[in-house]
Every structure is written in C-alpha cells, then in structure tokens.
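The values are calculated or read from the model by the stated rules, or taken from the named source; none is laboratory data. These numbers were taken from a predicted model, which means no experiment stands behind them. So basically every Cβ, Gly included, is an ideal-geometry build from the backbone, and we count neighbours across all protein chains shown.
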Amino acid sequence: MKRTKCITIDASLLADAEETAAKLGIAFSALVEEALRRFLRQAEAWRGVEERLTNIETLLRQCLQKEPRPAEARGSGRQEPPPLSDNLWINILRRRG
C-alpha cells in the first residue's frame with residue numbers, strides 16, 4: 001500500500017522537476033522519490049563524518065589536557081636562557097671570527 005503526502009514546492013522548482021522527469025522518461029513522483037532517497041543517503045553519510053570529526057576533536061582535547069603546555073611546563077617565572085659560552089658551535093665561531 002502506498003502512502004501519499006502533500007507538500008508545498010516552489011512553482012519554478014516544480015516546473016524544472018516536471019521537465020526533467022519528462023526528459024528522463026520517468027514519472028514525476030519517481031523523480032521526487034529518488035531525490036529524497038539520495039538526500040537521505042547523503043545526510044546519513046554526513047552524520048557519520050560528523051560523528052568521526054567529533055570523536056577526533058574529543059581525542060585531541062583529551063591529549064591537550066594530559067600534556068602540559070610549554071608555558072606551564074616552565075613555570076610561571078621566566079627562566080634565563082642557558083649561557084652560550086658552553087656551546088660548542090659558539091666557541092667554534094668565536095675562534096674563526
């Protein structure tokens with residue numbers, strides 16, 4: 001048993017859909033049914049992508065909460081950079097200069 005449903009469609013869209021159905025040699029209702037099926041499949045696929053993106057975002061947030069940020073790892077006070085006199089490359093450049 002087929003059920004029917006009354007919907008409102010813009011007149012220009014209705015005219016385009018009827019014209020397309022005629023060109024394809026199918027009934028207008030078949031065209032509308034196929035369009036709805038495709039839309040629903042696409043919506044379902046998008047929902048899956050949306051869920052995966054949400055899961056990835058959640059994992060990233062968890063990782064960021066577990067790892068201390070560079071500013072937090074150093075502490076609140078600023079530390080002086082290490083002296084350059086111990087650096088091998090600095091010493092080589094000084095000898096060449």
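Scanning region 38-58 for residues that are within 11 Å of the chain's Cα centre (by Cα) and either of a type in the set (A, V, I, L, M) or under 20 Å from Cys6 (Cα atoms) (or both) yields a count of 3. Report whether or not Ala35 is under 31 Å from the mean Cα position of the chain (by Cα) and at pLDDT 85 or above. Taking the combined requirement at face value, the residue satisfies it. I need every pair where a residue in region 1-24 that is exposed (fewer than 10 other Cβ atoms within 10 Å of the Cβ) has its Cβ under 9 Å from the Cβ of a residue that is of a type in the set (Gly, Ala, Ser) and at pLDDT 90 or above, sequence separation at least 6 or different chains. As it stands, the answer is none, since no pair meets every condition given. Only a single criterion out of (1) over 36 Å from the mean Cα position of the chain (by Cα); (2) modelled with pLDDT of 85 or more; (3) outside any helix (DSSP H, G or I) is not satisfied by Glu80, namely (2).
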